[in-house]
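Structure first, then comments.
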């Protein structure tokens, strides 16, 4: 599944929230959005059609009820599937190398990554 820039912005809001959100919540939490608030319904319908999000209940909004939306795919799964879908396995070593060389990487992050790699290695054995 490939998402547009605007759809990805909405997904980032849902991923960072970690819980279902209403349309108004998504608009409110969307800082520096590239889309107009009036187009939120178009974005949500597109994400529903792509099965990137799902309906997760209802919430009372004033006198009416509104739908809640939640991510149907994790951030990690989305990026992992798109890296492989676009470039195949050859891009993974390049991506990993760039990540390791990043100035933003801390010793704690390296420890966490090392633990994840060790866990995955054991799962594959």
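Derivation of every value follows stated rules applied to the coordinates shown; laboratory data play no part. Quantities reported herein were computed from a predicted structural model and do not represent experimental measurements. FYI the Cβ positions are ideal-geometry reconstructions off the backbone, even for glycines, and counts take in every protein chain you see.
Values for this structure:
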read-out	value
Residue match in region 20-34 (condition: in contact (Cβ under 8 Å) with a residue 24 or more places away in the chain, assigned to a helix (DSSP H, G or I), within 26 Å of residue 113 (Cα to Cα) and in contact with a helix residue (DSSP H, G or I) (Cβ under 9 Å, 6 or more places away or on another chain))	no
Scope region 38-67; condition exposed (fewer than 13 other Cβ atoms within 10 Å of the Cβ) and outside any strand (DSSP E or B); matching residues	38, 39, 41, 45, 49, 51, 62, 63
Of the criteria (1) exposed (fewer than 15 other Cβ atoms within 10 Å of the Cβ); (2) under 17 Å from the mean Cα position of the chain (by Cα), which one residue 20 fails	(1)
